[in-house]
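Below you'll find the structure, written out as structure tokens, and then a few comments.
The values are calculated or read from the model by the stated rules, or taken from the named source; none is laboratory data. Keep in mind that what you see is a predicted model, and the values were worked out from it rather than measured. Counting neighbours? That spans all protein chains shown, and the Cβs are built from the backbone with ideal geometry, glycine included.
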Amino acid sequence: MTASCGNLTRALALVLLMLSVDSGSTLRCYVCSSLNNAACVDPPNVTQIAVRECGPLIKNPVCTKRTTTTPQMTFTGRQCLSEDICDYALDVSGQVSEDCATCTTDLCNSSPPHHMPTCTVILLGIVTGILRCVLWGL
């Protein structure tokens, strides 16, 4: 293995170590309901939506975005809940339906992201470099 391949391997190990360390920070989510805050509907006006830290009583917290449709209305809710919350999405005889999505990064329950997180891009670059070294000796 060349010196540059060794450097890439060490860089990958360092990145993986940094990603595995718990920073101790609490997940933060947007919290709102379109029933009382028009800024909550898609696309949300995040400057007018409250941000809350998930409390310690929530087991395996995730940020959620739920859109519920009834014969009378459609409304959106964003909040911090337990990771299995979407298992309880409603669908009662076609009268009420619910679209439920969860995510695990700060403030991720706004509109769906259209870009890769920076750490994913960096990690993919390092892995690509290591594979080039291993497979082609570059």
Considering segment 64-100, residues that are small (Gly, Ala, Ser), farther than 21 Å from Asn45 by Cβ and assigned to a strand (DSSP E or B), and then whichever is modelled with the lowest pLDDT, we arrive at Ser97
Mind counting the residues in segment 38-63 that are among the acidic types (Asp, Glu) and in a strand (DSSP E or B)?
-> 1
Which condition number in (1) surrounded by 14 or more Cβ atoms within 10 Å (Cβ to Cβ); (2) within 14 Å of Asn37 (Cβ to Cβ); (3) out of contact with any helix residue (DSSP H, G or I) (no Cβ under 7 Å at 6 or more places or on another chain) is the one that Leu81 fails?
-> (2)
In the set Ile58, Ile49, the lone residue that is in contact with a helix residue (DSSP H, G or I) (Cβ under 6 Å, 6 or more places away or on another chain) and at pLDDT 60 or above is Ile49
Select from segment 101-138 the residues that are among the polar types (S, T, N, Q) and either at pLDDT below 70 or in a loop (DSSP other than H, G, I, E, B) (or both) and list them in ascending order.
-> Thr104, Thr105, Asn109, Ser110, Ser111, Thr118, Thr120
For segment 52-65, which residues satisfy the criterion of being within 12 Å of Asn109 (Cβ to Cβ) and in contact with a Lys or Arg (Cβ under 8 Å, 6 or more places away or on another chain)?
-> Arg52, Cys54, Cys63, Thr64, Lys65
When segment 53-76 is checked residue by residue, the ones that are buried (at least 17 other Cβ atoms within 10 Å of the Cβ) and either farther than 24 Å from Ala38 by Cβ or in contact with a Cys (Cβ under 7 Å, 6 or more places away or on another chain) (or both) are Cys54, Pro61, Val62, Cys63, Thr64, Arg66, Thr76
